1. For residues that are more than 21 Å from residue 298 (Cα to Cα) and within 21 Å of the chain's Cα centre (by Cα), scanning just segment 369-404, find the one that is modelled with the highest pLDDT.
2. Would you check which residues across segment 373-385 are touching a strand residue (DSSP E or B) at 6+ places or on another chain (Cβ under 9 Å) and surrounded by fewer than 18 Cβ atoms within 10 Å (Cβ to Cβ) and list them?
3. Has segment 100-121 got any residue that is modelled with pLDDT under 85, surrounded by 15 or more Cβ atoms within 10 Å (Cβ to Cβ) and touching a strand residue (DSSP E or B) at 6+ places or on another chain (Cβ under 8 Å)?
4. Of the numbered conditions (1) out of contact with any helix residue (DSSP H, G or I) (no Cβ under 8 Å at 6 or more places or on another chain); (2) at pLDDT below 95; (3) surrounded by fewer than 16 Cβ atoms within 10 Å (Cβ to Cβ), residue 311 fails exactly one; give the number of that condition.
5. I'd like to check something: does segment 208-222 contain any residue that is free of Cβ contacts under 8 Å to residues at least 24 places away in the same chain and in a strand (DSSP E or B)?
6. Condition check: more than 30 Å from residue 337 (Cα to Cα) and assigned to a strand (DSSP E or B). Does residue 227 satisfy that?
7. It is to be established whether one or more residues within segment 257-276 are assigned to a loop (DSSP other than H, G, I, E, B) and either touching a helix residue (DSSP H, G or I) at 6+ places or on another chain (Cβ under 7 Å) or in contact (Cβ under 8 Å) with a residue 40 or more places away in the chain (or both).
8. Which condition number in (1) under 21 Å from the mean Cα position of the chain (by Cα); (2) exposed (fewer than 14 other Cβ atoms within 10 Å of the Cβ) is the one that residue 125 fails?
């Protein structure tokens, strides 16, 4: 693989563990019912949870993370609403809609609408057996992609089914099934087309066995065993794979000072083609937030394998550690600082030219440091206006391909 083909792209690590089974999604029927009935906005029998955001409004000095930076102003309008319809005491129907419009002043090709929506139904029989199903469609226009350090667009469609048995103490055990399709748009770089669709378009099918035990009110210990199959559109590339994973963890209360999930486990992904190297080892997905008085703290860690668009690598191992602190200086002013550290290790070797123009084989490794500092002003109740300076630094052991980007942006949110 030539140096320009490899080096233009640096790994980004904001979505590691995308290929692993989520082990903390199930919510007890009674807890869901109580939360939905307490919604602050209702129209007749409907319970509505709205969310309105104007995000990433501001200036970026390197839109495409290239050596010759392109500067532009941009912003995203993102309204969202989740509507629930409780039916008597044993059925919940819901639908969520999240259209977005992203605008760039100069880079017109990056403008566009996307939309994410899902609908589901949850039924309870005999006070113990819960059946649920969901369909999902998501379009994503990412300002920095999950692997390529430039804007991308992808589409996800999925269908999920599950059956669970719940006890009076809210212990739950069950099985779920999910079928998903992932489709990516190719990227045009001058006269070169990076064929993401050819490398990454695929279908995934997963069966999960889940167990939840309420350790104390609102907090659950869980275990999850999952089996997945990955079928790529281009079978000739030899990327079809199977995986098995086992995870355990603790989900903290939705309400209270500590919120979030601690999850860790073991995962083994085996390519069906003997010429590909898979993954076997520890993976994790943890995010915790704590609020006491004027101070809020966020801590997180994730590690897992991800499919790479590169022909020689097939997978990369992504690791991410992140944290943040917020201080409410007054009732109307909050100061924020966040840091994000990531790395990506590629198992395959890459050819690169050395100082004397001789060709050397190296194992690619990328790293990232992101920081942001800013403040948020409360406008009304939970409405807040935030201002933040963001700095991203990307480095790679591929010579000459380090990148940086700085941006200043505004965000309007309903979650102050």
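1. Residue satisfying both the conditions and the ranking: 393.
2. Within segment 373-385, 373, 375, 377, 378, 379, 382, 383, 385 meet the criteria.
3. Yes, segment 100-121 has at least one match.
4. Answer for residue 311: the failing condition is (1).
5. Among the residues of segment 208-222, at least one is free of Cβ contacts under 8 Å to residues at least 24 places away in the same chain and in a strand (DSSP E or B), which makes the answer yes.
6. Yes: the conditions hold for residue 227.
7. no
8. The one condition residue 125 does not meet is (1).
The values are calculated or read from the model by the stated rules, or taken from the named source; none is laboratory data. Here the structure is a predicted model, which means the values were calculated and not measured. All Cβ positions, even for glycine, are placed from backbone atoms using ideal geometry, and neighbour counts span all protein chains on display.
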